[in-house]
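The values are calculated or read from the model by the stated rules, or taken from the named source; none is laboratory data. Keep in mind that this is a model prediction, so the values were computed, not measured. Ideal geometry is used to build each Cβ from the backbone, glycine not excepted, and the neighbour counts take in all protein chains shown.
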Amino acid sequence: MDLINYEVKERVAYITLNRPEKRNALSYDFVQLIKDNFKKAEADENCKVIIIKANGEAFCSGADLASLQKLQTNTDEENLQDSLHLMELYKMIHLSSKVVISQVEGAALAGGCGLASLHTQKLKLDLYQPLLWYF
């Protein structure tokens, strides 16, 4: 199973997060796959719009728990590089020359909320159910 599905139809590139068993949680490698596919869409002259969406119950649940556990044993420099890696993805989306649409269906938590909120346009296709967290 591909972790990212990529297709172009009628000048629209679809980047679909496809880790539903992990609620599309962000690991270092998963972020790299998203970046690679985003670069592909950005470079495609026939593509004018990029839609990022997800399979499964959640759009993106934030950081992968296994990745978070690994970060606890990393050096400060390794943790900085991990953060910069995600920041690069966010920056790519924010500075895109294309119209970028976030098709959010399901939860978008923590880093997933960041991923959803950077897009040029937001689409909400299912019933909106506010989820508030108080700490």
Mind listing just one residue for me: the one in segment 15-24 that is free of Cβ contacts under 8 Å to residues at least 60 places away in the same chain and within 12 Å of the chain's Cα centre (by Cα) and, of those, farthest from ASP44 (Cα to Cα)? ARG19
Any chance segment 108-118 includes a residue that's at pLDDT 80 or above, farther than 23 Å from ARG23 by Cβ and out of contact with any strand residue (DSSP E or B) (no Cβ under 7 Å at 6 or more places or on another chain)? no
Test for VAL8: is it in contact (Cβ under 8 Å) with a residue 24 or more places away in the chain and over 17 Å from CYS113 (Cα atoms): yes
In segment 40-65, residues that are touching a Leu at 6+ places or on another chain (Cβ under 9 Å) and part of a strand (DSSP E or B) total 8
Checking GLU78 against (1) among the charged types (D, E, K, R); (2) in a strand (DSSP E or B); (3) modelled with pLDDT under 90, only one condition comes out false. Which one? (2)
Provide a single number: the residues in segment 82-96 that are part of a helix (DSSP H, G or I) and out of contact with any helix residue (DSSP H, G or I) (no Cβ under 9 Å at 6 or more places or on another chain). 5
Determine whether GLY62 is within 11 Å of the chain's Cα centre (by Cα), at positive phi and at pLDDT below 90. yes
Can you spot a residue in segment 1-19 that is part of a helix (DSSP H, G or I), out of contact with any Phe, Trp or Tyr (no Cβ under 9 Å at 6 or more places or on another chain) and surrounded by 12 or more Cβ atoms within 10 Å (Cβ to Cβ)? no
